[in-house]
1. Hey, among the residues in the stretch 9-20 that are assigned to a loop (DSSP other than H, G, I, E, B) and in contact (Cβ under 8 Å) with a residue 12 or more places away in the chain, which one's surrounded by the most Cβ atoms within 10 Å (Cβ to Cβ)?
2. What are the residues in the stretch 21-52 that are surrounded by 14 or more Cβ atoms within 10 Å (Cβ to Cβ), touching a residue at least 24 places away in the same chain (Cβ under 8 Å) and part of a loop (DSSP other than H, G, I, E, B), if any?
3. Of the numbered conditions (1) closer than 19 Å to residue 9 by Cβ; (2) surrounded by fewer than 17 Cβ atoms within 10 Å (Cβ to Cβ); (3) touching a residue at least 12 places away in the same chain (Cβ under 8 Å), residue 73 fails exactly one; give the number of that condition.
4. Within the stretch 1-17, which residues are modelled with pLDDT under 90 and within 20 Å of residue 75 (Cβ to Cβ)?
5. Among the residues in the stretch 58-67, are any under 18 Å from residue 2 (Cβ atoms), more than 10 Å from the chain's Cα centre (by Cα) and surrounded by fewer than 15 Cβ atoms within 10 Å (Cβ to Cβ)?
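The values are calculated or read from the model by the stated rules, or taken from the named source; none is laboratory data. Computed from a prediction, not measured in an experiment: that's the story for all the values here. FYI the Cβ positions are ideal-geometry reconstructions off the backbone, even for glycines, and counts take in every protein chain you see.
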């Protein structure tokens, strides 16, 4: 999970992602950040995230990201 937090902090330094329930609703991330997040996750974990899975619900908090990666066969 530390890798995901590091990626998020690279996108927006100084934000408390560990306590966020919905990064998009809270205004911490936006649609452009989502693209950067997907690219960083794909590079870090050597996975391909299908365009149909690139929706805010799959990236709205750490649990959602972890679940998405688990569906990709990545264990965090």
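1. To start, the set of residues in the stretch 9-20 that are assigned to a loop (DSSP other than H, G, I, E, B) comprises 12-16, 20.
If we keep only those that are in contact (Cβ under 8 Å) with a residue 12 or more places away in the chain as well, we get 12, 15, 20.
On the way: 12: 15, 15: 15, 20: 17.
Once the filter is applied, the top-ranked residue is 20.
2. 22, 23, 24, 29, 47
3. (1)
4. Correct list: 1 only.
5. In the first step, residues of the stretch 58-67 are kept if they are under 18 Å from residue 2 (Cβ atoms); the result is 59, 61-67.
Next cut, more than 10 Å from the chain's Cα centre (by Cα) only: 67.
Those still in the list that are surrounded by fewer than 15 Cβ atoms within 10 Å (Cβ to Cβ) too: 67.
Looking for residues that are under 18 Å from residue 2 (Cβ atoms), more than 10 Å from the chain's Cα centre (by Cα) and surrounded by fewer than 15 Cβ atoms within 10 Å (Cβ to Cβ), one finds at least one in the stretch 58-67, hence yes.
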